[in-house]
1. Starting from the Cα of residue 23, step 7 Å along the direction of its Cβ; do the same at residue 170; then give the gap between the two resulting points in nm.
2. Out of all Cα-Cα pairs in region 312-366, roughly what percent, to the nearest whole number, are more than 17 Å apart?
3. Determine the dipole magnitude for region 104-252: charges of +1 sit on the beta-carbon of Lys and Arg, -1 on that of Asp and Glu, nothing else is charged, the reference point is the Cα centre, and the result goes in debye to the nearest 20.
4. In Å², and per residue, what accessible area does the chain have when probed at 1.4 Å with the other protein chains present?
5. Work out the charge dipole of the chain with +1 on the Cβ of Lys and Arg and -1 on the Cβ of Asp and Glu about the Cα centre, then indicate which of 174, 229, 134 is farthest towards its positive end.
6. With +1 on the Cβ of every Lys and Arg and -1 on the Cβ of every Asp and Glu, and nothing else charged, how large is the dipole of the chain about its Cα centre, in debye rounded to the nearest 20?
7. Could you check the spin-label model distance between residue 157 and residue 199? Points 7 Å from the Cα along Cα→Cβ, value in nm.
8. Per-residue counts of other Cβ atoms within 10 Å, averaged by peptide: what ranking do you get for 243-251, 294-302, 84-92, 191-199, highest first?
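The values are calculated or read from the model by the stated rules, or taken from the named source; none is laboratory data. These figures come from a predicted structure and were not determined experimentally. Note: ideal-geometry Cβ built from the backbone for every residue, glycine included; neighbour counts use all protein chains shown. The accessibility values were calculated without ligands, DNA or RNA, using every heavy atom of the protein model including side chains. Shrake-Rupley method; radii C 1.70, N 1.55, O 1.52, S 1.80 Å.
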Amino acid sequence: MKSIKIILAILVLLSCETKKSRKLRKDIIGEWTFVKEVDARLSNNDKLPPPLPIPLGYIFFPNNTCENKFGFYKKFDHDRTKIYYLGNRTRYKIDGNKLKIFDLSGNKWYIQKIVSITEDTLTVQVRDSVFSKFVRAKYKIDPNENYDKIIVSTSGCMGPCPQLDISIEKNGDVLFFGKFNTTVQGMFYSKITAEDYSNIEENFKKADLKNIRNNYEANLTDDETITVTFIKNQKIIKSITDNGRQSPPMLIWAYTSIRYLYQHIRLKPFQKKGMIMPIQPILFETEKLSCDLTKSESFYLLTEILRGKIVKARFEPKYMIKFWNAEGKIEVLLTDGKLYKLKEKTIDIGYNFIEQNNLKFTIKND
């Protein structure tokens, strides 16, 4: 009789545990953004280690897959300056009150204890008395907001940060230029699907592009700068500069995956006779005035010049742009904004880049 009671008690406990696990699996579905980490032993949590270089966040799906917004990475043994991005999609499972997320970097399960899930807040215990809090992400995405092209450029840094430019168009065209600390160097082109572009665009729109600032600056001098430019109807709609990852997490998550997109698509060398590579960022200059573009805006202008038509036309140059030739020497490109002349070759991009984008010139400092 005693044994039967013990068995019944165990069955009741298992039933309660299963019911609790089912509820946790249901409640965790959705997108969560990291808010803060708290150590219950400390009265001043400013003593906690600095935050991760990329803000942490998750999307949990009903099919036991999830996105870790930080992503997963590995370094090559033969060259520690190069980083390979493994992506951000992985598996998860809930066992009792334990949240297990498979770490693609270390090929092992990362285990956290779920303390509570409310409608808007997720609290997990990551180690001993240290707890992480997340809030449920909420977005207001305008279905009429869309772009023809998105460009991401990175400056590099004192460490292994990659220096690259990548342009992604609505029609699926991708143009990539890798310079330093990238797994491939040079200019390449590729294609992605319409669905891929739509997902990329939506990730950026989650950052509320219309209302966030154009410039974010850290107090560090050796950190990298990311610039992102959005194009519609051959016009720059918005450019954002983020130094030291100070922008909203949703923007950081969006551009982080794009900076490594080239590693997951089929690249073909892009070769065009007489191709030029302007000194970035591009600077339009006159004797007394200048107008500098961001790095991503500069890459946009470069792509427009690469697609321009060679014409036989005379024009009155108003500005000059310096660039590197094939021998690594500085030469000068003359332009009026629409026509770009290098020696005897003139390229017409079809419109005046300066007027179209209402670029502002300032007086040069002596």
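1. Result: 4.8 nm between the two label points.
2. On the way: 671 of 1485 pairs.
Here the tail beyond 17 Å accounts for 45 percent of pairs.
3. 260
4. Value returned for the chain: 57 Å² of accessible area per residue.
5. 134
6. Numbers: 60 positive and 43 negative charges, 274 e Å.
So the magnitude is around 1320 debye.
7. The modelled label-to-label distance comes out at 2.7 nm.
8. Details: 243-251: 19.9, 294-302: 24.3, 84-92: 16.7, 191-199: 13.1.
In decreasing order of mean packing, 243-251, 294-302, 84-92, 191-199 become 294-302, 243-251, 84-92, 191-199.
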